[in-house]
Amino acid sequence: MLVMQKRNCSWSLIAAVGLVVLLVSLVQFFWLPWKPTLDFFSIKQAQTTCIPLNESSKGTESSLPGLDLACRFPVDLHSAVVYRGAPWKAEIGRWLSGCDSVVKEINVTEKISGKVCKNDCSGQGVCNHELGECRCFHGYSGEQCSETLYLACNYPVMPDLPYGRFVVSICPGQCDTTRAMCFCGEGTKYPYRPVAEHCGFTINASATPPSTAWGKPDLDVFTTNSSLSGWCNVDPEEAYAGKAKFKEECHCKYDGRIGQFCEYPVISTCINQCSSHGYCRGGFCQCHEGWYGADCSIPSVFSSLREWPQWLRPSQINMPGYANAAESINGLGAAVTKRRPLIYVYDLPPEFNSLLLEGRHFKFECVNRLYGEKNATVWTEQLYGAQMAIYESLLASPYRTLNGEEADFFFVPILDSCIITRSDDAPHINLQEYRGIRSSFTLDFYKKAYDHIVEHYPYWERSSGKNHIWILSWDEGACYAPKEIWNSVMFVHWGNTNSKHNHSTTAYWADNWDGISLARRGNHPCFDPSKDLVLPAWKRPDGNFFRAKLWARPRDQRMTLFYFNGNLGSAYDNGRPEATYSMGIRQKLAEEFGSSPDKDGKLGRQHQNDVLVSPLRSENYHEELASSIFCGVLPGDGWSGRMEDSVLQGCIPVIIQDGIFLPFENFLNYESFSVRIGEDEIPNLIKILRGFNETEIEFKLANLQRIWQRFLYRDSVLHEAERQKSAYGRVDDWAAEMLQLTEDDVFATIIQVLHYKLHNDPWRKRVPHIRRDFGLPQECLINS
């Protein structure tokens, strides 16, 4: 009986407590806003009481050793942990919050080399003072760069083709055989004016489309008669005044000159513009004495200490025998302080980078900038410019080291975007043995770089290349990487895991890698999320864009539910004819939701007023993105820049490409700012999007405002701003706007990812522990 009374008392107490909770909830409901605030989805919602594992850690500078990371940094309701404003996957965000945030500077001894090259490379190259090897300019070779190459512009003569079959370098004028470039030549008024491609040959303008007779030179180009459409003898002033005709198909295609008639010399585009320690000769840095490297950023023992770059400013120099150096000394040590991760950048032979820039037949190829009037920076729309931006940032970074023994990662700088865009553009860069397949041709470049590294350096074998980083910038990522380098970290723009699309997805035959033999390629996927990283595409910095702040446009000004503008395939005028284009995904989207009539005058089966899916080129593309809630991220020939377009305009990305990772997706928590929809769910797309409540939409939009700068190459752009200000005292609008941005960009995100990988990649646990100072508490180390 007593037991029952106790139970009744307990039940009464429970009921009373429940009634109080209910009343409090009702009062809160009526007196407070009915919408949950953004804090409801933030880390505050998931706070718990943390119990120190080691009480002695209280009050110390870092409380990390005594606390569990999972307890200190709990996930929010989207399973994310926020670090430096960005939502990361939980495990990654916790480690960054607890470890990356407390990393300290360490002492590192940088190696300043002093090997010399024979005959100072004959004045036709740059000496690599680390290896004592010459890096020869375009058109020169040999141990001393003393051999002159003959690089023809034309293929052998054929009966009906006196200048050989077509190639980009084809030349009816004078060929510069050190670069396979065509000029007007001797006997003309302007001998160094380029005669590129169509310029020098007869064009049938009445044909549809106009055609060029590659076997019939246009002799009028070389005439002085002002009544004919000339080129090589046309005075710019007379042409601008309408007193002389000129052939409109003639352009200033080569780098280093601007103006309709190439009359204004400007600086060419070089890597980091030679770091103020060299002269840019068409894309190749001719370094000042005592300096070397692709961007002349590496000092030798023969350089002036006062001119050393900021990332190498020493606190102490160890100079054995430096004062008595004559022909060559082994080197000296410079004690500096740095934070990890430390990255060693190989100074590869120029065939992998500088020569590809110097030999460009079209100056816009594979670079993110050119130079215009008064040497002002002109940013390009070249998506592949990201490769050069990363390369330049690494070379000028405080995380760079010249001491391979201290390095955590090794970066292999190959400008494959230049290789692919330049493939088959001159007889010495031809695809005949590769049956015209550019991906097969590019694979061999990577294999040659691997062979060079293994032969000249000791670092590869120590980890079987797992701590090496390669950038493969082309449309399908690392699909065509040679098997020898697959253990390495791959930086790509498209992360196809091949879990669904297990073959080449491009509709362009010359890039299709399906036919590359397993003996060369191996049997690896295009992307491995456990080791690789997807990088954003390059987007042109624009002062007007930054001032417009489209990424910050609020929800009530976004009236379009879903937006996609781009090529939708063969059902539309000027659409790509291949059924395999976009793996058929864009075509399926148009069939359901097309808002523009196709060739048959039909709209999509489910077209709706607030859904815009159109192939018609928009003059207000960015404005329309910023006026939309959701924006489609669909593939093209492999990757496209649609993810970047969406994020930079603050539009929630809707990703429709199964098994394919987008930029930083294996590290950032994409659920916090995007939506993924399966390809089979395309018919239900709009129903799914209408199912998101306003609170969730506001949450994703707010996160986009926090992470958009991680899709921007600000670091590289600011280096260019510094160069312009230093050389010309110029601060352009893009520079002024960029200087106001303070959040982490692409490069900062890469460094954070590499720091996490340094201490969390499983393979590092299996290698012998190297005693190093990592600048971290013991609990953060992988072998602790």
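The values are calculated or read from the model by the stated rules, or taken from the named source; none is laboratory data. Here the structure is a predicted model, which is why all the values come from computation and not from measurement. Reconstructed Cβ throughout: ideal geometry from the backbone, glycine too, with neighbour counts over all protein chains shown.
List of remarks:
- Pro194 falls short of the stated requirement of being crowded, with 16+ Cβ neighbours inside 10 Å and in contact with a helix residue (DSSP H, G or I) (Cβ under 6 Å, 6 or more places away or on another chain).
- The one condition from (1) surrounded by 21 or more Cβ atoms within 10 Å (Cβ to Cβ); (2) farther than 30 Å from Thr269 by Cβ; (3) among the hydroxyl-bearing types (Ser, Thr, Tyr) that Ser227 does not meet is (1).
- Contact annotation: residue pairs with Cβ atoms under 7 Å, 6 or more positions apart or on different chains, pairing a residue in the stretch 511-530 that is without any contact (Cβ under 8 Å) to a residue 24 or more places away in the chain with a partner that is part of a loop (DSSP other than H, G, I, E, B), are Asp514/His503; Asp514/Ser504.
- Taken together, Val767, Val717, Val731 contain a single residue that is within 26 Å of the chain's Cα centre (by Cα), of a type in the set (A, V, I, L, M) and modelled with pLDDT under 95, which is Val731.
- So Gly575, is it within 28 Å of Gly477 (Cβ to Cβ) and in contact (Cβ under 8 Å) with a residue 24 or more places away in the chain: yes
- Some residue of the stretch 102-119 being touching a His at 6+ places or on another chain (Cβ under 9 Å) and closer than 20 Å to Leu149 by Cβ: yes
- Lys549 meets the stated requirement of being at positive phi and surrounded by fewer than 13 Cβ atoms within 10 Å (Cβ to Cβ).
- Residue list for the stretch 445-476, restricted to those being at pLDDT below 95 and more than 20 Å from Asp761 (Cβ to Cβ): Phe445, Ser473, Trp474, Asp475, Glu476
- Filtered residue count, the stretch 334-383, keeping only those that are of a type outside the set (S, T, N, Q) and within 21 Å of Ile420 (Cβ to Cβ): 23
- Here Tyr155, Tyr150, Tyr140 are screened, and the one residue that is surrounded by fewer than 17 Cβ atoms within 10 Å (Cβ to Cβ), more than 29 Å from Val336 (Cα to Cα) and at pLDDT 95 or above is Tyr150.
- Each residue in the stretch 596-613 was checked for being under 18 Å from Arg558 (Cα atoms) and within 35 Å of the chain's Cα centre (by Cα), and 4 pass.
- Pairing each residue of the stretch 102-128 that is touching a residue at least 60 places away in the same chain (Cβ under 8 Å) with any residue that is surrounded by 15 or more Cβ atoms within 10 Å (Cβ to Cβ) and among the acidic types (Asp, Glu), provided the two are 6+ apart or on different chains, yields C-beta distances under 6 Å for Val108/Glu406; Ser113/Glu130; Asn128/Asp347.
- Those residues of the stretch 331-365 which are more than 22 Å from His468 (Cβ to Cβ), assigned to a loop (DSSP other than H, G, I, E, B) and not charged (D, E, K, R), in sequence order: Gly331, Gly359, His361, Phe362, Phe364
- All conditions but one from (1) among the charged types (D, E, K, R); (2) closer than 25 Å to Phe364 by Cα; (3) touching a Gly at 6+ places or on another chain (Cβ under 6 Å) apply to Asp416; the one that does not is (3).
- Cross-chain or 6+ apart pairs with Cβ under 7 Å, the stretch 628-652 first and on the phi > 0 side of the Ramachandran plot, then assigned to a helix (DSSP H, G or I): Gly650/Leu550; Gly650/Trp551; Gly650/Ala552; Gly650/Ala626; Gly650/Leu701; Gly650/Leu704; Gly650/Gln705; Gly650/Trp708
- Which numbered condition Glu392 fails, given (1) more than 24 Å from Asp645 (Cα to Cα); (2) surrounded by 24 or more Cβ atoms within 10 Å (Cβ to Cβ): (1)
- Sole exception among (1) farther than 30 Å from Leu741 by Cα; (2) at pLDDT 95 or above; (3) in the same structural domain as Ser628 (by TED's automatic domain parsing); (4) under 28 Å from the mean Cα position of the chain (by Cα) for Asp528, by number: (3)
- Qualifying residues in the stretch 616-633 (those that are surrounded by 22 or more Cβ atoms within 10 Å (Cβ to Cβ) and not aromatic (Phe, Trp, Tyr)) - the one nearest to Trp494 (Cα to Cα): Val633
- Sole residue being of a type in the set (D, E, K, R) and modelled with pLDDT under 95, chosen from Glu392, Glu358: Glu358
- Of the residues making up the stretch 651-662, none is under 17 Å from Met559 (Cα atoms), among the aliphatic types (A, V, I, L, M) and out of contact with any Cys (no Cβ under 8 Å at 6 or more places or on another chain).
- Selected residue (criterion: surrounded by the most Cβ atoms within 10 Å (Cβ to Cβ)) from residues of the stretch 675-695 that are touching a residue at least 40 places away in the same chain (Cβ under 8 Å) and within 18 Å of Ile652 (Cβ to Cβ): Leu685
- Any hit, the stretch 725-740, residues being under 25 Å from Pro536 (Cβ atoms) and not in a helix (DSSP H, G or I): yes
- Checking the stated criteria, Glu624 turns out not to satisfy the condition of being assigned to a loop (DSSP other than H, G, I, E, B) and not small (Gly, Ala, Ser).
- Boolean, Ile469 is buried (at least 18 other Cβ atoms within 10 Å of the Cβ) and in contact with a strand residue (DSSP E or B) (Cβ under 6 Å, 6 or more places away or on another chain): yes
- The set of residues from the stretch 638-666 being part of a loop (DSSP other than H, G, I, E, B) and either surrounded by 22 or more Cβ atoms within 10 Å (Cβ to Cβ) or more than 17 Å from the chain's Cα centre (by Cα) (or both) comprises Trp639, Ser640, Gln649, Gly650, Cys651, Ile656, Gln657, Asp658, Gly659, Leu662, Pro663, Phe664.
- Taken over the stretch 562-588, the criterion of being touching a strand residue (DSSP E or B) at 6+ places or on another chain (Cβ under 6 Å) and aliphatic (A, V, I, L, M) is satisfied by no residue.
- Of all residues in the stretch 710-724 being more than 16 Å from Gly543 (Cβ to Cβ) and touching a residue at least 12 places away in the same chain (Cβ under 8 Å), the one that is surrounded by the most Cβ atoms within 10 Å (Cβ to Cβ): Ser716
- Checked against (1) farther than 19 Å from Asp100 by Cα; (2) of a type outside the set (S, T, N, Q); (3) in contact (Cβ under 8 Å) with a residue 40 or more places away in the chain, Ile707 passes all but a single condition, namely (1).
- Residue among Tyr572, Tyr563 that is of a type outside the set (D, E, K, R) and not in a loop (DSSP other than H, G, I, E, B): Tyr563
- Looking only at residues in the stretch 667-689 that are in contact with a helix residue (DSSP H, G or I) (Cβ under 9 Å, 6 or more places away or on another chain) and assigned to a loop (DSSP other than H, G, I, E, B), the one that is farthest from Ser628 (Cα to Cα) is Phe667.
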